[in-house]
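The values are calculated or read from the model by the stated rules, or taken from the named source; none is laboratory data. Treat the numbers as computed from the prediction; the structure is a model and nothing was measured. Cβ coordinates were reconstructed from backbone atoms using ideal geometry, including for glycine residues, and neighbour counts include every protein chain displayed. For accessibility, only protein heavy atoms count, side chains too; no ligands or nucleic acids. Shrake-Rupley method; radii C 1.70, N 1.55, O 1.52, S 1.80 Å.
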Amino acid sequence: MALLCRHDRVLWLANMQSAGEKQYYALALLRALSNNLPADTVVGVLYDVGCQLHRSIVKWNFLPEFAERMVFALAVFHAFGHQWACQLVYHPRKCMGFGLTDGEGCERFWSSIKQLIPTLRISGDCEQPIEQRQQLHL
């Protein structure tokens, strides 16, 4: 998972150890961001499931020192997969401060490095074929 700035430059990466986008990866990236910003900075967060992340932060009091300074919205192309009520609140074209930012920078980033993914993938000892383990002298 990655955290990018408004101009689609990578700020932080998280090495996902389990399948699926777990909220704790997003929370860890947001904590890293909050630790490196001035205390009065307001941050717009565009995320595929920004509505669910926002609800979890409010409900479980995650990132209490930073939560009040975050404004959540959905990535533009993912917004149409959400219910109408969710779109009314979280669509970036309806939220102040997002302009024409589409929130799809991560998708563009992963597309640009897709050739690297198979070679950088982590394989545990039990997940490797026997022949590969023997070649590596494990």
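Overview of values
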{"quantity": "Tally of residues being closer than 20 Å to residue 106 by Cβ and assigned to a helix (DSSP H, G or I) across the stretch 31-41", "calculated": "4"}
{"quantity": "Residue pairs meeting the criteria (Cβ under 7 Å; at least 6 apart or on separate chains; first among the hydroxyl-bearing types (Ser, Thr, Tyr), in the stretch 26-45; second not in a loop (DSSP other than H, G, I, E, B))", "calculated": "41/69"}
{"quantity": "Failed item, numbered, when residue 44 is tested on (1) touching a helix residue (DSSP H, G or I) at 6+ places or on another chain (Cβ under 8 Å); (2) part of a strand (DSSP E or B)", "calculated": "(1)"}
{"quantity": "Odd one out for residue 28 among (1) open to solvent by less than 30 Å² (accessible area, probe 1.4 Å); (2) touching a Phe, Trp or Tyr at 6+ places or on another chain (Cβ under 9 Å); (3) outside any strand (DSSP E or B)", "calculated": "(1)"}
{"quantity": "Selection within the stretch 47-83 - touching a helix residue (DSSP H, G or I) at 6+ places or on another chain (Cβ under 6 Å) and of a type in the set (Asp, Glu)", "calculated": "48"}
{"quantity": "Yes/no for residue 52 being over 19 Å from the mean Cα position of the chain (by Cα) and either in a loop (DSSP other than H, G, I, E, B) or at pLDDT 90 or above (or both)", "calculated": "no"}
{"quantity": "Residue check for residue 98: in contact with a Pro (Cβ under 6 Å, 6 or more places away or on another chain) and either under 24 Å from residue 9 (Cβ atoms) or not charged (D, E, K, R) (or both)", "calculated": "yes"}
{"quantity": "Selection count where residues are open to solvent by less than 100 Å² (accessible area, probe 1.4 Å), closer than 22 Å to residue 35 by Cα and in a helix (DSSP H, G or I), scope the stretch 59-96", "calculated": "2"}
